[in-house]
Each structure stands twice: as structure tokens, then as C-alpha cells.
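The next block holds one structure in the form of C-alpha cells; read it before the comments.
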Amino acid sequence: MVEPIKPGTPAPGSGQWEIVGPRGGRTGEERTAVLGKPLPPTPKPGQGYIFVDPSRNGAGRGK
């Protein structure tokens, strides 16, 4: 199992992040985060994030 990342930590990748419980249970709730920006607060204490879907828009790649 992947170790969840705590809220407030800079996102290591842009895309969809799923909220997981303290023991790793998936909630089905997702948040969008941008590379390097802090992950948002979670609804309940002890929850964290796992990366589920990277962004594929090509922003920042140039032509």
C-alpha cells in the first residue's frame, strides 16, 4: 500500500488526489491539486491523500 500524503504538503504531482482514512480506507472523494502547491485540508483529522489520476493537459511543456 502507498503511504498517504498529509494535507498541507506540497503536491508531488498535478492531478486528482483521493482522500483516504487513517488506516488507508478509500473514501471516493477527490480533490484537484497542482504540482508544488499545498494539498488542501481534509474533512476529518487523520485523513491523507493518494495520487489517483495525473493531469494530461500539456500545460508548461511548450511547443
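Okay, here's what the table says:
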quantity: Checklist (1) surrounded by 14 or more Cβ atoms within 10 Å (Cβ to Cβ); (2) touching a Phe, Trp or Tyr at 6+ places or on another chain (Cβ under 9 Å); (3) over 17 Å from Arg56 (Cα atoms) applied to Lys6, failing item; calculated: (1)
quantity: Neighbours by Cβ (under 6 Å, 6+ apart or cross-chain): first from segment 21-39, farther than 16 Å from Pro54 by Cα; second surrounded by 12 or more Cβ atoms within 10 Å (Cβ to Cβ) and hydrophobic (A, V, I, L, M, F, W, C); calculated: Arg26/Val20; Thr27/Ile19
quantity: Residue match in segment 5-15 (condition: modelled with pLDDT of 95 or more, at positive phi, assigned to a loop (DSSP other than H, G, I, E, B) and among the small types (Gly, Ala, Ser)); calculated: yes
quantity: Residues (of a type in the set (Asp, Glu), modelled with pLDDT of 95 or more and loosely packed, with under 14 Cβ neighbours inside 10 Å) located in segment 16-57; calculated: Glu29
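The values are calculated or read from the model by the stated rules, or taken from the named source; none is laboratory data. No experiment lies behind these values; they were computed from the predicted model shown. Glycine gets a Cβ as well: all are built from the backbone with ideal geometry, and neighbour counts include every protein chain shown.
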